[in-house]
1. Roughly speaking, what is the stretch gain from R206 to C144, that is 0.36 nm per residue apart minus the C-alpha to C-alpha distance, in nm to one decimal?
2. How much length would be gained if the chain were fully extended between N20 and A74, taking 0.36 nm per residue of separation minus their Cα-Cα distance, in nm to one decimal?
3. Show me the trypsin sites (Lys or Arg not before Pro) within region 1-53 that DSSP assigns to loop and that have at most 12 other Cβ atoms within 10 Å of their Cβ.
4. If you rank S177, S139, S53, S36 by fewest surrounding Cβ atoms within 10 Å, what's the result?
5. Ratio to report: Rg/Rh of region 4-209, with Cα atoms as the point set and Rh obtained by the Kirkwood method; give two decimals.
6. What ranking of R203, R192 emerges when the number of other C-beta atoms within 10 Å of each C-beta is taken as an exposure proxy, fewest first?
7. If I take every Cα pair under 8 Å that is 6 or more residues apart in the chain, average their sequence separation and divide by the length, what percent do I get for the relative contact order?
8. What do you get when you divide the Cα radius of gyration of region 1-80 by 2.2 N^0.38 Å, with N the number of residues?
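No lab work stands behind these numbers, since they all come straight from the coordinates. Only a predicted model underlies this, so the values are computations on that prediction, with no experimental measurement involved. Using ideal geometry, Cβ is built from the backbone for each residue, glycine included, and neighbour counts are taken over all protein chains shown.
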Amino acid sequence: MTPKIKICGLTSPNDARILNEEHVELAGFVLFFPKSRRNLTLEQAEEIKTLLSPDIKKVAVTVSPTLEQAMEIAAAGFDYLQAHGTLDSAILEQVRMPILQAANVKTPEDLKKLSDHPSIAGYVFDGQDYGGGKVFDWSYLEGCDRKEKLLILAGGLSADNVAGAIAQVHPDIVDISSGVELPGIETPAGLRSPGKDPEKVRRFVRAVRGL
């Protein structure tokens, strides 16, 4: 089965246009994480989110979110909360939205830290460093107990390696950010993302769908 495609780290209205044109299924927005060059305010994310096709699921991507932040995300109408780092049990119990729990995979032991709480809709398996665009050893996922949750593969994917990743891991969703991005821009506040490269997105989508 062909996996769905998630393009993560949207930063501009043009990114929304690209995803609409390529009929991508999920879009990710980095929130409450100033260290990321793709970090947005809720207001900035809302501006881009409203331009996306209603068919595209909107994912709020966070690192160790607080309960207050998770509540704000739920109120803003996102379809999923994606949580890297620590995941407060209060969020699982009190936030009424499906949660994607992310794991930065360094060793097979990292796969044992995942929750099987009913609020967890799926697991995002990422490289060692969040947003680093690095591949991890996919063999770690062989025989992984996914607990009937969605399996989302991230970390260093590209148009050149995604077909092999799909054949080996059989993910429900493939997730890419830096692999379809334009070169970063230096600003007084640090490196910023200028948005997605339409040709890289097109190549990735075709590679996933075998076109």
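1. Details: separation 62, 0.36 × 62 = 22.32 nm, distance 2.76 nm.
Here the answer is 19.6 nm.
2. Working: separation 54, 0.36 × 54 = 19.44 nm, distance 2.31 nm.
So the extension gain works out to 17.1 nm.
3. Values: sites: K4, K6, R17, K35, R37, R38, K49; in loops: K35, R37, R38.
The qualifying sites are K35.
4. Details: S177 25, S139 10, S53 13, S36 20.
In increasing order of surrounding Cβ atoms, one gets S139, S53, S36, S177.
5. Values: Rg = 15.8 Å, Rh = 17.0 Å.
When Rh is taken as the Kirkwood radius, the ratio is 0.93.
6. Values: R203 18, R192 15.
The fewest-first ordering by Cβ neighbours comes to R192, R203.
7. The value is 19 percent.
8. Working: Rg = 12.2 Å, N = 80, 2.2 N^0.38 = 11.6 Å.
So the Cα radius of gyration is 1.05 times the expected 2.2 N^0.38 Å.
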